[in-house]
1. Rounded to the nearest 0.05, what FRET efficiency is calculated for A247 and A182 with R0 set to 30 Å and r the Cβ-Cβ distance?
2. Is there a quick way to get the dipole size of the chain? I mean about its Cα centre, with the Cβ of Lys and Arg at +1 and of Asp and Glu at -1; what is the value in debye to the nearest 20?
3. Search the structure for amide H atoms under 5 Å from the amide H of L6, placed 1.01 Å from N in the peptide plane, and list their residues when 5 or more places away or on another chain.
4. Which percent of Cα-Cα pairs in segment 1-141 sits in each 5 Å bin, short to long?
5. Once amide H atoms are placed 1.01 Å from N in the peptide plane, what residues at a sequence separation of 5 or more from I54, or on another chain, have their amide H within under 5 Å of its amide H?
6. Starting from a Cα-only point model with no solvent, please compute log10 I(q)/I(0) by Debye for the chain at q = 0.17 1/Å.
7. Placing +1 at every Lys and Arg Cβ and -1 at every Asp and Glu Cβ, with all other atoms neutral, what dipole size does segment 105-231 have around its Cα centre, in debye to the nearest 20?
8. Enumerate the calculated ³J(HN,Hα) couplings along segment 47-60 in order (Karplus 6.51 cos²θ - 1.76 cosθ + 1.60, θ = phi - 60°), each rounded to whole Hz, writing x wherever the residue is Gly or Pro.
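Values in this text are rule-based calculations from the coordinates and carry no lab data. Only a predicted model underlies this, so the values are computations on that prediction, with no experimental measurement involved. Cβ coordinates were reconstructed from backbone atoms using ideal geometry, including for glycine residues, and neighbour counts include every protein chain displayed.
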Amino acid sequence: MTYNNLQIEEEGGILLLTIQREKALNALNQETMRELEHFFGEDAPGRDPLRGIILTGAGSKAFVAGADIKEFLDLDAEAGRRMAKHGQEVFFLIERFTRPVIAAVNGFALGGGCELAMACHLRIAGEHARFGQPEVNLGIIPGFGGTQRLIRYVGRTKGLELLLTGDMIDAQEAHRLGLVNAVVAPGKEVEAARTLLSKIAGKGPVAVAKVIEAVNAVFEDGTDGFSREVEAFGATTGTEDFKEGAAAFIAKRKPDFKGK
Ligand code: DAK
């Protein structure tokens, strides 16, 4: 697929994925959603070596300022349902991706942009970043998982307030609420995300994938997360990586994980 709205750069097994719609503050139009679907569903899984992905927005003003408002003016209820279902499926591809995906939030993360950041495994925010779910200002609600993920990250009390008022919060407040992992100087988001990914890249790749899988089970309705953890633990103990990790510990050397 030729990407019109995504730029992909690779360095040392880490992919930097940039949403390139700067004039519209990187708003997610349907073409970008299809490209994200292809990237996370078809393209990235086959890339090897791949230790992680950093997702950011072009420019320095916005990560993503929402779904593209200009595209959903004529939606009826049925088309709205289809769009929400598709958007949720795309964001599940990110949340269930087997290698860590870090959002480098370099400005506004509003509506679908806040939902996109929340679908990533970790979030680094620039000091100037702003988060919010302002859909109620438009007479709609979040449709890409925002009502579910925001509550799970920040709790029902503050989450409901943000969803009902449409208020924005700054990066420090997002950090205090547990919505982001760290706040850095503007322009340093990608660098900080790369440092974090490099640290994770030294761990056992199968273990990293299984941590993500087990943690996702916390949020899956009808899933017994403790049973999922037992299965995931069993899968990691059977790996060559575990033998290597244990041997390296005993020999007092750094492990050389192969992801097997
Ligand atoms: N969509 C389309 N264009 C956008 C946009 C967006 N979300 N946000 C900004 N832009 C465009 C502006 O129209 C403007 O374009 P031009 O007029 O220059 O052509 C350009 O980006 C620069 O924006 P501003 O001139 O407004 O810049 P300011 O610095 O004055 O303000 C702002 C920055 C981020 C505060 C402001 O742009 C803003 O409030 N933007 C909208 C934020 C917002 O409400 N975002 C949430 C959208 S609702 C659904 C599923 C999901 C969703 C909806 C439906 N279904 C399943 C049906 C999700 C909805 C959302 O995300």
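1. On the way: r = 33 Å, r/R0 = 1.11.
About 0.35, to the nearest 0.05.
2. Values: 31 positive and 36 negative charges, 188 e Å.
Dipole about the Cα centre, nearest 20: 900 debye.
3. Correct list: Q20.
4. 2, 10, 20, 25, 21, 13, 6, 2, 1, 0
5. Residues meeting the criterion, in which the H sits 1.01 Å from N, are L15, L16, L17, I102.
6. -1.37
7. On the way: 13 positive and 15 negative charges, 72 e Å.
Computed about the Cα centre, the dipole is about 340 debye.
8. Residue by residue, segment 47-60 yields 7, 8, x, 9, 9, x, 10, 10, 10, 9, x, 5, x, 10 Hz.
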